[in-house]
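Heads up: the structure comes next, in structure tokens.
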Amino acid sequence: MSTLHPTVEQARALLELERYDQAGALLGRRLAEDPGDIRAWVSIGYCHLNTDRAEQAKEAAAEALKLDPEDYGALRLSAQAMVRDDGWLHVQPILRELIRIAPQDPFAYAMLADAVWRAALVRYAKESGGRQLSTQDIDRLSGEAAELAMEALRLGPEDVYVHEIAHRIASMAGNGTVAQQLDEAILRIDPTHAEALARQTKRAAEAPGVGAGQAADLYADALAADPGSPVMRQQLDHATYRLLRGTRWLAVICVLAAGAMVNLFPSADDPGPELPIPVGQRLWVLVVMAAIWTFGAVRRYRRLRAGVQLNVRSLIRRGRWARVVLAQAAWAMLCALLIAEIPWTDRSVPQLVFWAGLVPTAATIWFDRKKTG
């Protein structure tokens, strides 16, 4: 292995610090002094690649390959620059040459698996006239790519990129169990991996029997590990909104309880109590309503984590639908209190109040299920 020139070493250190402009300036001076420094060409290629200049990166890789057609770094740069420029369908020869030169390199196998898989899907789409692919079609087309991914996993069991490619192929092919195992492996290697963390949290939050409060806690934990995740933020908002939607059910129950006390719809078999309802009975209904809200909302809210409680208040400020939900719950509760606490002597007015509190709220309970707040 040739010794790196001090300027190239310094530039590589700057690359690791993501100071690409400074590294590029150093490498430019070095190449002006010695255009035959292959390591300088590869390094400046990565400067271009990391600043979204794929064409210049390909040119740097080409210059390096002129000096040594079998240089591992130049071939790898060439492959990465090509796919960055949407060249997935043309990158396979370079990757196969990379594997020939470095047969124990998991990166090359993983990238080749990705390229083979994409090419198979494109080829099938052209042959089938653009018919939508099913998971069975994708599973059948992923045979060679899956084998390459397995080889990459064997060679690089601690390589996150290898697991990412294997997960992509498995999940698209409908192999949910394998995809979940790969997510667990990714998080073992990198506990803060944003995409794997989001997928695992979403699976746990959407599992049968998991309520809105538990889901909100799970998403809050995921955000603590990856505070910048917009996906987790959105999912936390959605779970929080589900919590707020539950308050309308409590209000509806209170309306029904008030209506039952007055017996708003008497029949021949059940004429109901005489009006007005005694004061003691009306006050007792207040105790029942207070118990409903204490155990259904207040106690539940206090048991939430501090981060979820903060998000409840934040969503109420930010979310139009969150405010609509609370307004509907308040309106239904007002109607329940009017029915229960006014000493009505006739049932016709409280019947109108009952329907006014029940119908608008119940009508939107199913309508806004997919809203996020």
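For log10 I(q)/I(0) by the Debye sum over Cα atoms at q = 0.07, 0.11 Å⁻¹, computed directly from the structure shown, the correct entry in [x] -0.33, -0.81; [y] -0.58, -0.83; [z] -0.55, -0.91 is [z].
Scanning the chain for long hydrophobic helices, with DSSP H runs required to stretch 30 angstrom or more by C-alpha along their axis and to average at least -1.0 on the Kyte-Doolittle scale, returns 106-127, 230-262, 320-341.
Surface analysis of region 219-373 yields an accessible area of 55 Å² per residue, using protein heavy atoms and a 1.4 Å probe. The distance from the alpha carbon centre of region 246-284 to that of region 37-93 is 77 Å, rounded to a whole number.
Of the GluC sites (Glu not before Pro) in region 119-191, the ones in a loop by DSSP (not H, G, I, E or B) with at most 15 other beta carbons within 10 Å are E158. Between T135 and E147, what length in nm is gained on full extension when 0.36 nm per residue of separation is reduced by their alpha carbon distance? Extending this stretch completely gives an extra 2.5 nm. In the chain, the portion of solvent-accessible area held by carbon and sulfur atoms comes to 57 percent [1.4 Å probe, whole percent, DNA, RNA and ligands not counted]. Compared with the alpha-carbon gap, the fully stretched path from W249 to E18 is longer by 77.9 nm at 0.36 nm per residue. Protein-only accessible surface at a 1.4 angstrom probe places the residues R154, R84 in the order R154, R84, largest first.
In a fully extended conformation the segment linking R313 and I292 would gain 5.4 nm over its present Cα-Cα distance, using 0.36 nm per residue.
Counting charges near E70 (Lys, Arg +1; Asp, Glu -1) among other residues having Cβ under 10 Å from its Cβ returns a value of -2. Would you please classify the overall shape of region 67-112 from the alpha carbon gyration tensor, given that a ≥ b ≥ c denote the square roots of the eigenvalues, rounded means a/c under 1.5, and beyond that prolate means a/b larger than b/c while oblate covers the rest? Oblate shape, in that a/c is at least 1.5 and b/c is the bigger or equal ratio.
Computed with a 1.4 Å probe over protein heavy atoms only, the accessible area of W331 comes to about 120 Å². Its DSSP H runs of at least 4 residues, each contributing -39,500 (n - 2.57), put the calculated 222 nm mean residue ellipticity of the chain at -24000 deg cm²/dmol, to the nearest 500.
Where does the charge balance sit around A57 when Lys and Arg score +1, Asp and Glu -1, over other residues with C-beta under 13 Å from its C-beta?
-1
Under the classification rounded if a/c is under 1.5, otherwise prolate if a/b is larger than b/c and oblate if not, where does region 135-259 fall, given a ≥ b ≥ c as square roots of the Cα gyration tensor eigenvalues? Verdict is prolate for region 135-259.
The values are calculated or read from the model by the stated rules, or taken from the named source; none is laboratory data. None of these values were measured; they are calculated from a predicted model. Please note: Cβ atoms are built from the backbone with ideal geometry, for glycine as well, and neighbour counts cover all protein chains shown. For the accessible areas, the whole protein counts, side chains as well, though only heavy atoms, and no ligand, DNA or RNA atoms are used. Shrake-Rupley method; radii C 1.70, N 1.55, O 1.52, S 1.80 Å.
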